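Colleague: Right, I'll just put the structure down here and ask away after.
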Number of protein chains: 4
Amino acid sequence: ADNIVLISRAFLRQFVIPEFEEFCSRIEKIYNKCKGIHLGKVASYIPQLERMSPDYWGVSLCTIDGQRFSVGDTKIPFTMQSCSKPLTYAIALNELGSEVVHRYVGQEPSGRMFNELVLDFNKRPHNPMVNAGAIIVCSLLMELIEKEMSLAEKFDYVNAYFKRLSGNEYIGFNNAVFLSERENADRNNALAYYMRENKCFPEKINLRDCLDFYFQCCSMEADCESMSVMASTLANGGICPITGDQVLKPDAVRDVLSLMHSCGMYDYSGQFAFSVGLPAKSGVCGGMLVVIPNVMGLCLWSPPLDALSNSVRGIEFCRELVNIFNFHRYDNLKHAPNKLDP
Amino acid sequence: ADNIVLISRAFLRQFVIPEFEEFCSRIEKIYNKCKGIHLGKVASYIPQLERMSPDYWGVSLCTIDGQRFSVGDTKIPFTMQSCSKPLTYAIALNELGSEVVHRYVGQEPSGRMFNELVLDFNKRPHNPMVNAGAIIVCSLLMELIEKEMSLAEKFDYVNAYFKRLSGNEYIGFNNAVFLSERENADRNNALAYYMRENKCFPEKINLRDCLDFYFQCCSMEADCESMSVMASTLANGGICPITGDQVLKPDAVRDVLSLMHSCGMYDYSGQFAFSVGLPAKSGVCGGMLVVIPNVMGLCLWSPPLDALSNSVRGIEFCRELVNIFNFHRYDNLKHAPNKLDP
Amino acid sequence: ADNIVLISRAFLRQFVIPEFEEFCSRIEKIYNKCKGIHLGKVASYIPQLERMSPDYWGVSLCTIDGQRFSVGDTKIPFTMQSCSKPLTYAIALNELGSEVVHRYVGQEPSGRMFNELVLDFNKRPHNPMVNAGAIIVCSLLMELIEKEMSLAEKFDYVNAYFKRLSGNEYIGFNNAVFLSERENADRNNALAYYMRENKCFPEKINLRDCLDFYFQCCSMEADCESMSVMASTLANGGICPITGDQVLKPDAVRDVLSLMHSCGMYDYSGQFAFSVGLPAKSGVCGGMLVVIPNVMGLCLWSPPLDALSNSVRGIEFCRELVNIFNFHRYDNLKHAPNKLDP
Amino acid sequence: ADNIVLISRAFLRQFVIPEFEEFCSRIEKIYNKCKGIHLGKVASYIPQLERMSPDYWGVSLCTIDGQRFSVGDTKIPFTMQSCSKPLTYAIALNELGSEVVHRYVGQEPSGRMFNELVLDFNKRPHNPMVNAGAIIVCSLLMELIEKEMSLAEKFDYVNAYFKRLSGNEYIGFNNAVFLSERENADRNNALAYYMRENKCFPEKINLRDCLDFYFQCCSMEADCESMSVMASTLANGGICPITGDQVLKPDAVRDVLSLMHSCGMYDYSGQFAFSVGLPAKSGVCGGMLVVIPNVMGLCLWSPPLDALSNSVRGIEFCRELVNIFNFHRYDNLKHAPNKLDP
């Protein structure tokens, strides 16, 4: 029945991207253009990341009405790393509400110059997209939702959410990455102890369990295809475009997109918001979740990173995308004659 | 003839706000609710602002197809103050292009904690919405556009632009405010000298003339009605909805809206972007330019300010507005069942 | 024989304080004046410190020629806490030399406003008088002196040094304090992990062992009498005035006194250097090591602390002392007619 | 009569430097060693300084009992620049008392990392040795001492003080430097406006007059010989060793020396206090006032500056000096066998 709806809509050109084929051929052109870039360095702080080929490059997209397109290495699993941050934040918002979550974590960029200052004026980490904030969000997932669950059940709980967000597509776990992250965790340990000293956590948190949980979320695997569905779920107000499942409440999605917009690309966030103007989140795996609200979600993946830890090909892809299409958040939808409205 | 177009569109309900009357009655309800708020303090650093009645409260809106609504004190002139910053920035972008302008001024919020640090890592002021950045923008208008114009011609040039942005509605100049601003300018003098020391300005700038020009831009007057048209011109990709005049290029408008979104509300900008999600700019006059891209522009005006220098009633109005309507930048347009789509 | 020397010098009035009795009676007056102060709060972050009576108040002094005077609670053991920092620093200097030690730790005050910034421009902790620097110093004692020693031997090594500095007077260890410190170590753990991330430590340090060692140094006990001998050893160029033992080289002592002068009193250091002008180090135990170079050492002890963690009575005692005597580092020795030269 | 005192003291070897001839020959050796250094750059922000020969190199000393020695270019006038800061501060202390002066200016180093932060937590400049603090001190001299004096009288007042400090030796004024300083004053203007905004000045200050006064103090000339007498007056508790005139009160001198010790050498102050351990003040003229309390004053002068704006030869001279003699503030006077006690 679903298929009939898809087919009839295609027939009527009622899709959000009416000329989908033409659109995809343009996407492929951008993909190929970026393929020629051989800059950046694969993350090397743990051997499992360092081993990733710098040639991997995949782009998948999924529109809010379920049309899909993939090109390149879109079936190869990679660990989500910081791309998991907007998702754990989304779960926390969905379960606990914005008011509770933001008692513990702020809603603003930290300012590029002072990343050494871990906490804002209210003694909270600046936002859930930075490590300190994501560790706090993990503590909320552990302590406030169903405190009595075992550690295994808590992990399953988050895993199940990720699965629903991805329309039941590929979600895995890379235990070697988890163990490596835990061994190379000086900075995250420093952050966690510093925050506990400043009473940032819910009471009686077990710091070690909490950091393990955080590293486990970072060590979950996806591939471009499954991650593009997650992005599309965010583009679609929390309803998975593949399954129709209302995974997240609209308010939770709005808050996630707001902070992806202002804080999702490390120290490049302000510049990205200005020049690309789309909610996105990158990770040291080289992956990028990109959301075009009310239109589609994309996953870009290519391991070589620039000096600010964002995927070189991913950033360039986004620039090209908004150069051609009116996808920048503040492109005018009627009067932007130099841009295409797909 | 224009009227006939308007009438026929109204008949066909083809306006961006099809049920305009109902919409306006909701706006009026919010207006009245905010009227009951008696918090905040009128700016007092110069006597001309201090004398403003704390009871003034006006709201005007203008849709991109020219439908208009006003309630309260919408015909009383006030000086634009910082509400002029996005407009001078827009002129600079329009005339010089983004690339030239942003050699001199950044594109990112400064971070709430460190407003004492005037310059970013590239030795530029952080963005054109803060005083330092707006002073630089004024120097670009003076030095780079038509260097040989007299000071009077330069002022006329900017004035003419403001006039076009407002569809030729009320734009005035308050000389008493200008003179007072100039006398109470310790901070702006400090910023200007500091920036000249750091070679932030175009070469051979006359600092005194440049500051005068900046104070003159801040001392230009508008009323809620004329300012709502300016906001609407920004909502409409740079085409004035009243005159059809293409005042600004779409790219210039996109950049202005991006920075109003991230930096327009002083130290409340991050919070405002999160909870209201609309490009806006406030001034110590108590005015607020608010843009709902592709839909309408608003001007809110009420002199009493909160601790962060934003209009108390203005902020509250915006919160109510996005609570009721799906105007937040990241509200989902299809799946936000608790919100109205006007 | 030593006694005969003392007696004959006394007879000849060749002591550094010729009128010792009169001097002591003035000291006792200051002691009594300060006894009447009932301000400040006993440190409460661990129960062992919290239990200390706020009435404890002791002053001991020992001149460089071995004359001694004590008044009040000078035989009650207390843990040295931060008073151990100049001593571990002195041992490191003595064994490794200034050049090696200061590859790992700076020599300057951190500036009052930015105690959140743990490291200086060279990525070293600012100085050995702050926690971060003292932790590094402990790692140098462990790793660079005799690496192959067992943990027990390393502790004995430091303990033996403390014993010699105090002329074999009371040095103990409070295991309950050690265990409490270790349990309440969020801040120190954060510092240590942060420094390891920034490669501040010698290679292959065991972080846990190093922190334990640091807490053990802080948990060593002294009383006013033994600590006044330590201070006097510093006043006397490293030679213990009681035993004649050359415990420290003169260069090591000079460096210790320099940094006690500029950094010894937490965020009050600059103010203390200005108004008291003597090298000193305070601890949360309420103790203060005070050195009058070439004259004497003092230990002041009173648990109630002011807002900057210095002993209230201790600070007041020092102010009175330099008001009466020409002990301020920059008092003129000939032309200070309003001050006594004892 | 004075000469007879000098001669009889010399005969009795009662001088502070008993073997003066031998001492001077060692000073000359250090002088010659430093003469061979050809590093550093002459200040170039104004042409009058830029024109100074990099070969100029002079050392003068004056003991507290009036013995003198000079070698090199000690009769060539140079503008005092920042070397005037401790002197204007001394006058302010002497006339107004420490309590009044330090209501307006702090007493602590600013911390090396944050020279952009002009004011301390109490909204005062950090200390009188930095530009912001010295400008405030000038405003106190103008406004609080004899408010009704004309500008000319105020200048004469300070000039007369300098003259007395130097035992009536050469003090001049370089008007070309004054005019150049005033023309190149972006930073000082920025500081002054910023401080007036923050109400750092006495009320109703005329900012322009105050900055002029500050530049005039910086443009006063001395030569090595006259400046060594000034330094010696500070070494001698405020009594000029040449005239016997009590120019400054002992308490004022103590405060000046304390802050020269901690803040006199720009961003090198902490390092200088640690390794040299003498109160000193340098200026961009290449001059250095150096005080050995109770012993002598020195003036070192050589225009080439290092990256932190201190005279290259001057710094090296000081290092050699304390390597050979026990002049470091914390050298032990009895037990420093590797150092000479002249």
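The values are calculated or read from the model by the stated rules, or taken from the named source; none is laboratory data. Since the model is a prediction, treat every value here as computed from it, not as a measurement. Cβ placement follows ideal geometry from the backbone for every residue including glycine, while neighbour counts extend to all protein chains displayed. Just so you know, the surface numbers come from the protein's heavy atoms only, side chains and all, with ligands and any DNA or RNA stripped out. Shrake-Rupley method; radii C 1.70, N 1.55, O 1.52, S 1.80 Å.
Colleague: Identify the single condition in (1) more than 22 Å from B:LEU257 (Cα to Cα); (2) away from chain B (no Cβ under 13 Å); (3) over 11 Å from the mean Cα position of the chain (by Cα) that A:LEU308 does not satisfy, given that it satisfies every other one.
Modeller: So A:LEU308 meets the others, but not (2).
Colleague: I'd like the residue in the range B:328-341 that is open to solvent by less than 30 Å² (accessible area, probe 1.4 Å) and in contact (Cβ under 8 Å) with a residue 40 or more places away in the chain and, out of all such residues, is nearest to B:MET80 (Cα to Cα).
Modeller: B:HIS328
Colleague: Looking at the range A:311-326, can you tell me whether even one residue there is assigned to a loop (DSSP other than H, G, I, E, B) and among the hydroxyl-bearing types (Ser, Thr, Tyr)?
Modeller: Scanning the range A:311-326 turns up no residue that is assigned to a loop (DSSP other than H, G, I, E, B) and among the hydroxyl-bearing types (Ser, Thr, Tyr).
Colleague: It is to be established whether one or more residues within the range C:71-80 are modelled with pLDDT under 95, farther than 25 Å from C:LEU179 by Cβ and buried (at least 18 other Cβ atoms within 10 Å of the Cβ).
Modeller: no
Colleague: Pick from the range A:81-113 the residues that are touching a strand residue (DSSP E or B) at 6+ places or on another chain (Cβ under 9 Å), farther than 18 Å from A:VAL284 by Cα and within 14 Å of chain B (Cβ to nearest Cβ): which of them is most open to solvent (accessible area, probe 1.4 Å)?
Modeller: The selected residue is A:SER110.
Colleague: Here's another thing I want to ask about it. Before we move on, is A:PRO125 within 12 Å of chain B (Cβ to nearest Cβ) and not basic (Lys, Arg)?
Modeller: no
Colleague: Could you check the range B:164-202 and list, in sequence order, the residues that are within 16 Å of B:ASN131 (Cα to Cα), under 23 Å from the mean Cα position of the chain (by Cα) and in a loop (DSSP other than H, G, I, E, B)?
Modeller: Within the range B:164-202, B:ASN184, B:ALA185 meet the criteria.
Colleague: Can you tell me which residues in the range D:176-189 are open to solvent by 40 Å² or more (accessible area, probe 1.4 Å) and among the charged types (D, E, K, R)?
Modeller: The first filter runs over the range D:176-189 and keeps only residues open to solvent by 40 Å² or more (accessible area, probe 1.4 Å), leaving D:176, D:179, D:182-184, D:187.
Scanning the range D:176-189 gives D:ARG182, D:GLU183, D:ARG187.
Colleague: If you go through the range A:137-147 one residue at a time, do you hit one that is of a type in the set (Asp, Glu), within 30 Å of A:SER232 (Cβ to Cβ) and modelled with pLDDT of 95 or more?
Modeller: The first filter runs over the range A:137-147 and keeps only residues of a type in the set (Asp, Glu), leaving A:143, A:146.
With the extra rule that they be within 30 Å of A:SER232 (Cβ to Cβ), the set shrinks to A:146.
Then drop every residue that is not modelled with pLDDT of 95 or more, which leaves none.
No, that holds for no residue.
Colleague: Related question: So, in the range D:193-204, exactly how many residues are touching a residue at least 24 places away in the same chain (Cβ under 8 Å) and within 8 Å of chain B (Cβ to nearest Cβ)?
Modeller: Qualifying residue count for the region: 1.
Colleague: Please tell me if A:VAL295 is surrounded by fewer than 22 Cβ atoms within 10 Å (Cβ to Cβ) and either touching a residue at least 24 places away in the same chain (Cβ under 8 Å) or touching a strand residue (DSSP E or B) at 6+ places or on another chain (Cβ under 6 Å) (or both).
Modeller: So A:VAL295 passes the test.
Colleague: Taking C:PRO109 as meeting all but one of (1) over 14 Å from the mean Cα position of the chain (by Cα); (2) within 23 Å of C:SER180 (Cα to Cα); (3) not hydrophobic (A, V, I, L, M, F, W, C), write down the number of the exception.
Modeller: For C:PRO109, the failing item is (2).
Colleague: Just checking, does the range D:254-268 include any residue being closer than 24 Å to C:PHE272 by Cα, of a type in the set (A, V, I, L, M, F, W, C) and away from chain C (no Cβ under 11 Å)?
Modeller: Yes, some residue in the range D:254-268 is closer than 24 Å to C:PHE272 by Cα, of a type in the set (A, V, I, L, M, F, W, C) and away from chain C (no Cβ under 11 Å).
Colleague: Residues of the range C:28-54 being surrounded by 15 or more Cβ atoms within 10 Å (Cβ to Cβ), at negative phi, not in a helix (DSSP H, G or I) and not hydrophobic (A, V, I, L, M, F, W, C), which ones?
Modeller: Of everything in the range C:28-54, just one residue is surrounded by 15 or more Cβ atoms within 10 Å (Cβ to Cβ), at negative phi, not in a helix (DSSP H, G or I) and not hydrophobic (A, V, I, L, M, F, W, C), namely C:PRO54.
Colleague: Further question on the same structure: If you scan the range D:312-327, which residues turn out to be among the aliphatic types (A, V, I, L, M) and either surrounded by 19 or more Cβ atoms within 10 Å (Cβ to Cβ) or free of Cβ contacts under 8 Å to residues at least 12 places away in the same chain (or both)?
Modeller: Within the range D:312-327, D:VAL312, D:ILE315, D:LEU321, D:VAL322 qualify.
Colleague: Now for a separate question. Considering (1) outside any loop (DSSP other than H, G, I, E, B); (2) out of contact with any strand residue (DSSP E or B) (no Cβ under 6 Å at 6 or more places or on another chain); (3) not hydroxyl-bearing (Ser, Thr, Tyr), say which one B:PRO303 fails and leave the rest.
Modeller: Against the list (1) outside any loop (DSSP other than H, G, I, E, B); (2) out of contact with any strand residue (DSSP E or B) (no Cβ under 6 Å at 6 or more places or on another chain); (3) not hydroxyl-bearing (Ser, Thr, Tyr), B:PRO303 comes up short only on (1).
Colleague: If you don't mind, another one. For C:TYR193, indicate whether it is open to solvent by 70 Å² or more (accessible area, probe 1.4 Å) and in contact with a Lys or Arg (Cβ under 9 Å, 6 or more places away or on another chain).
Modeller: Values: open to solvent by 70 Å² or more (accessible area, probe 1.4 Å): no; in contact with a Lys or Arg (Cβ under 9 Å, 6 or more places away or on another chain): yes.
Criteria not met by C:TYR193.
Colleague: Right, something else. Return a yes/no flag: does the range A:152-175 have any residue that is within 14 Å of another protein chain (Cβ to nearest Cβ), of a type in the set (A, V, I, L, M, F, W, C) and open to solvent by less than 50 Å² (accessible area, probe 1.4 Å).
Modeller: No, the conditions are met nowhere in the range A:152-175.
Colleague: Touching a Ser or Thr at 6+ places or on another chain (Cβ under 9 Å), at pLDDT 95 or above and of a type in the set (D, E, K, R): which single residue out of D:ARG103, D:ARG164 fits that description?
Modeller: One residue alone meets the criteria, D:ARG164.
Colleague: Restricting the range C:205-214 to residues that are out of contact with any Cys (no Cβ under 6 Å at 6 or more places or on another chain) and more than 14 Å from chain A (Cβ to nearest Cβ), which is most open to solvent (accessible area, probe 1.4 Å)?
Modeller: Filtering first and then ranking leaves C:ASP209.
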